[in-house]
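Below is one structure, written out as structure tokens, with a few remarks after it.
What follows draws every value from the coordinates through simple rules; no lab data is involved. All figures in this text were calculated on a predicted structure; none of them were measured in a lab. Cβ placement follows ideal geometry from the backbone for every residue including glycine, while neighbour counts extend to all protein chains displayed.
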Ligand code: HEC
């Protein structure tokens, strides 16, 4: 082989190597990432939905009580509930808000949010209601 031929062979070899490397890395890109990223997204969603704050979003309490539970025209703020409620008390209330005793606060609520009733959540797992109650009591 002449020197020139050696150079040509070297370049061809390098070219081939780069080409193969690119194919390999492309394949990895195409196959690998979507699966793990989908899974982590799902896992994040699932874990987000199982804590109190996540449940409150998922169930839709925020649509009446406000994004940060600060209250809206439809429903009062859910703040300082620990002044009035125990964990079990809150669970019972959520399961059956209509039967809740008519103390001052609730008479005022009924006056102020005349056209809205707090839905009852007896269909939701008590364990989940427990998590919601615990979360509400931290606010
Ligand atoms: C359709 C609107 C609406 C939705 C949805 C809703 N609420 Fe209410 N909520 C109310 C209204 C209105 C009141 C005021 C009491 C009343 O009028 O009976 C209330 C009252 C409450 C209270 C009592 C507040 C206090 O000061 O003691 C709690 C606790 C509460 N809601 C929690 C929740 C939780 C938790 C969810 C979701 C699981 C939820 N609410 C979903 C409308 C709603």
Calculated on alpha-carbon atoms, Rg and Dmax of segment 51-139 in Å: 12.1, 32
Extended-chain gain in nm, criterion 0.36 nm per residue less alpha-carbon gap, residue 23 and residue 96: 20.1 nm
Residue 110 versus residue 88: modelled label distance in nm, points set 7 Å from Cα along the beta carbon direction: 2.6 nm
